[in-house]
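S.K.: Mind looking over this structure? Questions follow.
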Amino acid sequence: MSRRCAPWRRRRPSTPRERWNGHVRCLAPATARRAVAEELVLVERDGPVAVVRLNRPQQLNALSDELMEALVSALRELDAEPSLRCIVLGGSERAFAAGADIAELARSSAIDLYYARRVERWDAIRNLWTPLVAAVSGYCLGGGCELAMSCDVIVASETARFGQPETGLGIIPGAGGTQRLTRAVGKALALDMILSGRLLTAREAQAAGLVARVVAREAWLDEARRLAHDVAAKGPVATRLAKEAVDRAFEAPLGLGLEYERRLLNLAFASEDAREGLNAFLEKRKPEFEGR
Ligand code: COA
């Protein structure tokens with residue numbers, strides 16, 4: 001039987017994604033969807049590290065519905081691999097991502113966006129276990145800036161420009177731009193950026209606490225890879241728990257956060273990795289972590 005969906009064989013839309021744009025859409029077979037995903041998102045493995053690159057260069061990696069779908073499915077697949085310890089997420093030299101796809105937004109209604117379940121994709125990225133390093137070169141705007149802020153650490157080229165220019169389009173950020181940016185750089189600078197469209201240079205973003213490392217134009221991806229390999233060499237149970245504990249710092253009052261940290265330390269302490277790490281130090285050898 002042919003796997004192509006004939007236009008006359010319309011069926012009830014079973015998922016919100018199929019109801020996208022208010023009409024029934026013939027979903028491509030899994031293999032075809034994978035091919036599209038592979039084009040929009042390039043994945044490269046380097047031992048315990050994966051490098052995931054957004055690949056819509058003509059649109060400066062504008063985060064279309066399809067690109068986000070491809071990105072989230074690639075990240076989820078990688079996250080499920082036990083041997084993978086850290087993921088680098090990057091774009092091109094010219095743009096990490098220039099924001100949501102404006103053409104797509106312009107032809108969508110609020111209900112189209114609601115049915116596209118965009119929020120769930122952003123939550124999926126935030127809920128990944130594997131530490132994520134954003135490698136940012138060039139434009140990192142709107143949803144691009146929100147995507148970078150959803151990662152755990154940001155490494156930036158000196159060419160990087162960070163901004164939330166949505167008010168210039170008559171809208172506001174919708175994937176954490178008003179919340180994460182404010183927590184990262186403080187109210188004064190966040191409102192300056194969001195209200196006026198001011199872009200921060202990489203150095204300004206680093207001084208404000210948004211970016212961890214700034215490197216020369218040609219070194220952005222290599223530096224992010226190097227950082228990812230450093231993370232990958234640590235105890236995998238520990239890096240996941242540490243990421244969870246630091247995230248908690250943004251959400252909970254200090255007392256609760258400290259309590260949470262203590263409990264996660266107990267959990268880390270109960271891991272085989274902790275025995276291995278402590279013994280390896282005493283035996284003056286490199287630890288061999290299993291992620292158990
Ligand atoms: N969505 C869709 N397409 C976008 C895009 C976006 N967010 N950002 C850039 N593009 C497209 C442009 O339309 C252009 O396509 P074209 O060649 O078919 O005309 C292409 O990417 C290159 O962009 P261009 O504007 O020509 O490059 P530039 O170097 O002159 O300017 C930017 C770069 C990033 C300053 C400018 O593209 C821009 O302001 N983009 C929108 C940023 C934004 O508001 N993001 C928030 C979205 S909610």
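S.K.: Looking at (1) aliphatic (A, V, I, L, M); (2) in a helix (DSSP H, G or I); (3) more than 13 Å from the ligand (Cβ to nearest atom), which one does residue 156 not meet, given that it meets all the others?
M.R.: All conditions pass for residue 156, except number (2).
S.K.: Another question, then. Whether any residue in region 134-147 is touching a residue at least 40 places away in the same chain (Cβ under 8 Å), out of contact with any Phe, Trp or Tyr (no Cβ under 6 Å at 6 or more places or on another chain) and closer than 30 Å to residue 291 by Cα is what I want to check.
M.R.: yes
S.K.: Within region 62-115, track down each residue that is part of a helix (DSSP H, G or I) and either aromatic (Phe, Trp, Tyr) or in contact with a Gly (Cβ under 6 Å, 6 or more places away or on another chain) (or both).
M.R.: Correct list: 114, 115.
S.K.: Do we have any residue at all in region 74-90 that's within 16 Å of the ligand (Cβ to nearest atom) and modelled with pLDDT of 50 or more?
M.R.: No, region 74-90 has no match at all.
S.K.: Could you list, in sequence order, the residues of region 125-146 that are modelled with pLDDT of 95 or more and assigned to a helix (DSSP H, G or I)?
M.R.: Scanning region 125-146 gives 125, 143, 144, 145, 146.
S.K.: For region 235-292, which fully contained helices (runs of 4 or more DSSP H) count at least 1 residues that are under 18 Å from residue 86 (Cα atoms) and of a type outside the set (A, V, I, L, M, F, W, C)?
M.R.: Result: 236-251, 272-282.
S.K.: Okay, next question. Return the residue satisfying two criteria in turn: it lies in region 156-206 and is without any contact (Cβ under 8 Å) to a residue 12 or more places away in the chain and over 30 Å from residue 252 (Cβ atoms), and of such residues it is surrounded by the most Cβ atoms within 10 Å (Cβ to Cβ).
M.R.: By that ranking, first place goes to 196.
The values are calculated or read from the model by the stated rules, or taken from the named source; none is laboratory data. All of these numbers come straight from a predicted model, not from anything done at the bench. Using ideal geometry, Cβ is built from the backbone for each residue, glycine included, and neighbour counts are taken over all protein chains shown.
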